[in-house]
1. Being surrounded by fewer than 15 Cβ atoms within 10 Å (Cβ to Cβ), within 18 Å of the chain's Cα centre (by Cα) and part of a helix (DSSP H, G or I) is the requirement here; does residue 50 meet it?
2. Consider residue 231 against the criteria (1) assigned to a helix (DSSP H, G or I); (2) in contact with a helix residue (DSSP H, G or I) (Cβ under 6 Å, 6 or more places away or on another chain); (3) within 20 Å of residue 40 (Cα to Cα): it satisfies all of them except one. Which criterion is unmet?
3. Which of the residues that make up the stretch 96-120 are more than 18 Å from residue 191 (Cβ to Cβ) and over 22 Å from the mean Cα position of the chain (by Cα)?
4. Looking only at the stretch 129-149, count how many residues are touching a helix residue (DSSP H, G or I) at 6+ places or on another chain (Cβ under 7 Å) and outside any loop (DSSP other than H, G, I, E, B).
5. So which residues in the stretch 237-255 are surrounded by fewer than 22 Cβ atoms within 10 Å (Cβ to Cβ) and either touching a helix residue (DSSP H, G or I) at 6+ places or on another chain (Cβ under 7 Å) or within 21 Å of residue 76 (Cα to Cα) (or both)?
6. Go through the stretch 169-197 and give me each residue that's under 23 Å from the mean Cα position of the chain (by Cα) and without any contact (Cβ under 8 Å) to a residue 60 or more places away in the chain.
7. Return the only residue of 279, 217 being on the phi < 0 side of the Ramachandran plot, modelled with pLDDT under 90 and within 25 Å of the chain's Cα centre (by Cα).
């Protein structure tokens, strides 16, 4: 019975649970917009986000907007726990001379984010591959049956298709992501990086703007990744996908669906950071736990 209090008082426990809350909030709040983004990237004939939304509601029903959500939702707690904990470790490792009560430098924040993005790609690649294929299909087969089918016919290489482009997308994007969040929250509420006393509005705005900045920076790579992972076998690799897409549809294809992605990024990442920060403040720190034990 003593496990949970001790777990939540530890750094790993607090980061794990708070990261899980943030991830769940982000997935639930932004998944319909993510489905629209994927369908826009998939084909030039899809139309605008509003056209796709209206067609999906009329033909496939409201639940189609959440098709494939089980795959990212099932992994989101562990994924976000990894992201926030690895980021905390890496950002600190670049500023090892700083005392623990001082926030890491912006350089440490950016480099920690780059490393975090690269590491999390190992978990994210198969999850996004399943999500993309489920979002594009018209049937309602589940992620487990799809994963088994891919592994049976293509092996682990098939389930990890798109790993390289995911790393190329996520490493720099996460560096910009965490840097923007830390910079904006400090500008909106000076001193909050050290005191942690920013309000909910600051969390939402800083998180939302961090998401927008990172998505704008990596969006062309995300379009290529979506097309590589859709499973049609039309492309031989990253450069081949880029070349054929531009030849057939022009450079504008690399920005198709950006408006939907930006809207989703603001909502999702505002929710992620707000839920994460609020949850983190609800758990006792190791220091408080030790003080409580000493007073007994």
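1. no
2. Evaluating residue 231 over (1) assigned to a helix (DSSP H, G or I); (2) in contact with a helix residue (DSSP H, G or I) (Cβ under 6 Å, 6 or more places away or on another chain); (3) within 20 Å of residue 40 (Cα to Cα) leaves (1) as the failure.
3. 96, 97
4. Adding up the residues that qualify gives 11.
5. Those that are surrounded by fewer than 22 Cβ atoms within 10 Å (Cβ to Cβ) and either touching a helix residue (DSSP H, G or I) at 6+ places or on another chain (Cβ under 7 Å) or within 21 Å of residue 76 (Cα to Cα) (or both): 238, 241, 242, 246, 253, 254, 255.
6. Correct list: 169, 170, 171, 172, 173, 180, 184, 185, 186.
7. Only one candidate passes the filter, namely 279.
Conditions (1) buried (at least 20 other Cβ atoms within 10 Å of the Cβ); (2) more than 26 Å from residue 244 (Cα to Cα), marked per residue:
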| residue | (1), (2) |
| --- | --- |
| 32 | no, yes |
| 107 | no, yes |
| 110 | yes, yes |
| 128 | yes, no |
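The values are calculated or read from the model by the stated rules, or taken from the named source; none is laboratory data. All values derive from a computational prediction rather than experimental measurement. Positions of Cβ are generated from backbone atoms using ideal geometry, with glycine treated the same way; all protein chains shown enter the neighbour counts.
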